[in-house]
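Participant: Have a look at this one.
The values are calculated or read from the model by the stated rules, or taken from the named source; none is laboratory data. Just so it is clear, the structure is predicted and the values come from calculations on it, not from any experiment. In this analysis, Cβ positions are derived from the backbone assuming ideal geometry, glycine residues included, and neighbour counts consider all displayed protein chains. Note: areas computed on protein heavy atoms with side chains; ligands, DNA, RNA excluded. Shrake-Rupley method; radii C 1.70, N 1.55, O 1.52, S 1.80 Å.
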Amino acid sequence: MCRVFAGQDPEGYRQINRSIRIDGHSTSIQLEATFWGLLDEIADSQGLTTPKFISKLYDEAIEINGQIPNFASMLRTTCALYLRGHRPSAEEQAALKREAA
């Protein structure tokens with residue numbers, strides 16, 4: 001069983017920095033390649049670019065929680081929730097696609 005995890009391609013856990021504009025400020029986010037791939041998939045499933053999805057996620061999290069102690073960790077747990085099957089409702093997806101158009 002451990003060979004599945006231990007033998008994974010190192011490319012998947014290579015660190016990648018991306019610059020994204022959030023709340024009017026350019027910021028750099030460092031995540032492993034696997035997480036960037038998942039964020040790209042999540043954003044695409046909602047009809048958004050990855051930067052737009054991340055910016056929207058940030059804005060909504062600030063609105064709900066008031067602060068985000070570790071945004072990179074939040075992005076990783078977002079990917080985990082997605083892999084566990086948590087998805088926006090059909091109404092939320094439709095609203096996102098209308099906003100993106």
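Participant: Note down the magnitude of the dipole of the chain about its Cα centre, charges +1 on Lys and Arg C-beta and -1 on Asp and Glu C-beta and zero elsewhere, to the nearest 20 debye. All intermediate terms of the calculation are to be shown ahead of the outcome.
Facilitator: Values: 11 positive and 13 negative charges, 35 e Å.
Around 160 debye, computed over the chain.
Participant: What list of ³J(HN,Hα) couplings, whole Hz, do you get for segment 11-24 from phi and the Karplus terms 6.51, -1.76, 1.60, once you set θ to phi - 60° and write x for glycine and proline?
Facilitator: 4, x, 10, 5, 6, 10, 9, 10, 8, 9, 8, 10, 6, x
Participant: Based on the alpha-carbon gyration tensor of segment 17-101 and its eigenvalue square roots a ≥ b ≥ c, which shape applies: rounded if a/c is under 1.5, prolate if not and a/b is larger than b/c, or oblate? Mind dumping the intermediate values first?
Facilitator: On the way: a/c = 1.36, a/b = 1.20, b/c = 1.14.
Here segment 17-101 falls in the rounded category.
Participant: At 1.4 Å probe size, with the rest of the protein present, what percent of the exposed accessible area of the chain is carbon and sulfur atoms? Let's see the in-between values first.
Facilitator: Details: 3580 of 6910 Å².
Answer for the chain: carbon and sulfur cover 52 percent of the accessible area.
Participant: Work out how much length Asn65 to Ser19 would gain on full extension: take 0.36 nm times their residue separation and subtract the Cα-Cα distance, in nm to one decimal. If you can, show how the numbers build up before the last one.
Facilitator: Details: separation 46, 0.36 × 46 = 16.56 nm, distance 2.38 nm.
Result: 14.2 nm gained on full extension.
Participant: Loop-only check: which trypsin sites (Lys or Arg not before Pro) in segment 30-101 are DSSP coil with at most 11 other Cβ within 10 angstrom?
Facilitator: Details: sites: Lys52, Lys56, Arg76, Arg84, Lys97, Arg98; in loops: Arg84.
Passing both the DSSP loop test and the Cβ count: Arg84.
Participant: How large is the accessible surface per residue of the chain, computed with a 1.4 Å probe and reported in Å² as a whole number?
Facilitator: On the way: 6910 Å² over 101 residues.
It amounts to 68 Å² per residue over the chain.
Participant: A further question on this structure: Can you compute the helix-only [θ] at 222 nm over the chain? Use -39500 (n - 2.57) per DSSP H run of at least 4 residues, normalise by all residues, nearest 500 deg cm²/dmol. Let's see the in-between values first.
Facilitator: Working: 5 runs with 58 residues, N = 101.
Result for the chain, helices only: -17500 deg cm²/dmol.
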